[in-house]
Amino acid sequence: MEKMAIGVFTSAGAGLGASIERVKSLGVTTVQLHTPPKDRRTQGAAEEIKKSFADAGLDVTLVFCGFAGESYASIQAVKDTVGLVPVTTRAARTAETKEVVKFTSWVGAPGIGIHIGFIPEDTDSANYKDLVETTRGICDACKKVGLTMNLETGQETAETLLSFIRNVQRDNLAVNFDPANMILYGSGEPIAALKRVGQYVKSCHCKDATWSDQPGETWGKETPLGEGQVGIETFVKTLNGLGYTGPLTIEREISGDQQIADIKKAVGLLNDIKAKL
Ligand code: MG
């Protein structure tokens, strides 16, 4: 795979052929995939997905976990429902994540991505310690099949994320850095945060956003790449300065024709930036 190969975040739905054609038409060479529904997480389905993307010349660079019952309706809803942090669903979601690990190894991607949820600030709490143990267990399951576990950024500050990674003490625990999320959640200036956690960044989302007038209370606003407050050129240059060679995966969280148009523009923008490196 070429350095900083451009990609998109997409799904491998039942209509695989159509979605792959659409991805190819965007002019990208890599994809991150949402985990398909449970009935398509079999070895057979994974091998079909692997072959379809390989035939199309697309590298699958990460498979993203998602769970039934998650809500991104508000920052509070994320706190209550997303990832491994909510206590009542932790055991079941941990088991499910380990199924996704198997699926990912069958697809041949190098890692899983996950929104772990809002990491508790109190590192002495039983809840925090259990989350550390849970994460170790998933990292160890990943390690057995040669995968990394990439934590999506945004919900916490770079400092909290850094200290969590250090407490887990697993060399395959990594970061999927989403600069727009730092703004959307109000958890810190993205370039400074990237520099702070840079050594752990194995994948990223190229996404942009503008700050909320009440950061951390209400959502900021996602924008087309280059039209928000991330500073995408500085973002890519900072990644380059950190020695990052992984994919640049465009994430645009809208749907329909506008999503396609925005992604095409984003591909052009990233190619222009890469040419200047
Ligand atoms: Mg993201």
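State which entries of Lys98/Lys274; Lys129/Lys207; Lys195/Lys264; Lys79/Lys129 exceed 26 angstrom in Cα-Cα distance in the structure shown.
Lys98/Lys274; Lys129/Lys207; Lys195/Lys264, as the Cα separations exceed 26 Å there.
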Helical segments meeting 24 Å axial Cα length and Kyte-Doolittle 1.6 threshold in the chain (DSSP H): none
Val145 accessible area, assembled protein chains, probe 1.4 Å, Å²: 70 Å²
Where the Cα pairs of the stretch 191-265 fall when distances are cut into 5 Å bins, in %: 3, 15, 22, 22, 19, 13, 5, 0
Accessible area per residue, Å², the chain with all protein chains present, probe 1.4 Å: 42 Å²
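Could you check how much of the accessible area of the stretch 109-187 is carbon and sulfur, as a whole percent, using a 1.4 Å probe?
With neighbouring chains kept in place, the figure for the stretch 109-187 is 48 percent.
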Local electrostatic count at Gly228 - Lys and Arg +1, Asp and Glu -1, tallied over other residues with Cβ under 9 Å: -1
Eligible lysines near Lys51 by straight Cα distance, threshold 18 Å, same-chain separation 8 or greater: Lys24, Lys102
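Can you compute the charge dipole magnitude of the chain about its Cα centre, using +1 on each Lys and Arg Cβ and -1 on each Asp and Glu Cβ, nothing else charged? Give it in debye, rounded to the nearest 20.
860 debye
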Aspartates and glutamates whose Cα lies under 12 Å from that of Lys221, excluding same-chain neighbours fewer than 8 positions away: Asp208, Asp213, Glu253
Relative contact order %, the stretch 195-277, counting alpha carbon pairs below 8 Å whose residues are six or more apart: 32 percent
Whole-number D in µm²/s for the chain (Stokes-Einstein; Kirkwood sum over Cα pairs; 10 °C, 1.306 mPa s): 84 µm²/s
24 Å tail of the calculated P(r), the stretch 21-143, as % of Cα pairs: 34 percent
The stretch 201-277, dipole about Cα centre (Lys/Arg Cβ +1, Asp/Glu Cβ -1), debye to the nearest 20: 440 debye
Estimated translational D of the stretch 130-277 in µm²/s (Stokes, Kirkwood radius over Cα pairs; 37 °C; 0.692 mPa s): 206 µm²/s
GNM result for the chain, Cα springs below 10 Å: residue of Thr148, Thr35, Thr223 fluctuating most strongly: Thr223
Sum of -39500 (n - 2.57) over DSSP H runs of 4+, divided by residues of the chain (222 nm, nearest 500): -14000 deg cm²/dmol
DSSP-loop trypsin sites (Lys or Arg not before Pro) across the stretch 175-276, with at most 13 other Cβ within 10 angstrom: Lys276
Assigned charges on the beta-carbon of Lys, Arg, Asp, Glu; the stretch 100-228 dipole about Cα centre (debye): 740 debye
Among beta bridges that DSSP assigns inside the chain, antiparallel share in %, nearest 5: 10 percent
Shape of the stretch 1-71, Cα gyration tensor, a/c cut at 1.5: prolate
R0 of 25 Å, Cβ-Cβ distance Glu217-Glu99: FRET efficiency to nearest 0.05: 0.10
Centre separation in Å (Cα based) which lies between the stretch 159-207 and the stretch 46-119: 17 Å
Fully extended contour minus Cα-Cα distance, from Thr245 to Gln76, at 0.36 nm per residue: 57.4 nm
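Summing Lys, Arg as +1 and Asp, Glu as -1, what charge do residues with Cβ under 12 Å from the Cβ of Val101 carry, Val101 excluded?
On the way: positive: Arg41, Lys98, Lys102, Lys143, Lys144; negative: Glu96, Glu99, Asp140.
Charge balance near Val101 sits at +2.
The values are calculated or read from the model by the stated rules, or taken from the named source; none is laboratory data. Source: prediction; values computed, not measured. As a convention, Cβ positions derive from the backbone with ideal geometry for all residues, glycine included, and neighbour counts pool all protein chains shown. Note: accessible area is taken over every heavy atom of the protein model, side chains too, but ligands, DNA and RNA are not part of it. Shrake-Rupley method; radii C 1.70, N 1.55, O 1.52, S 1.80 Å.
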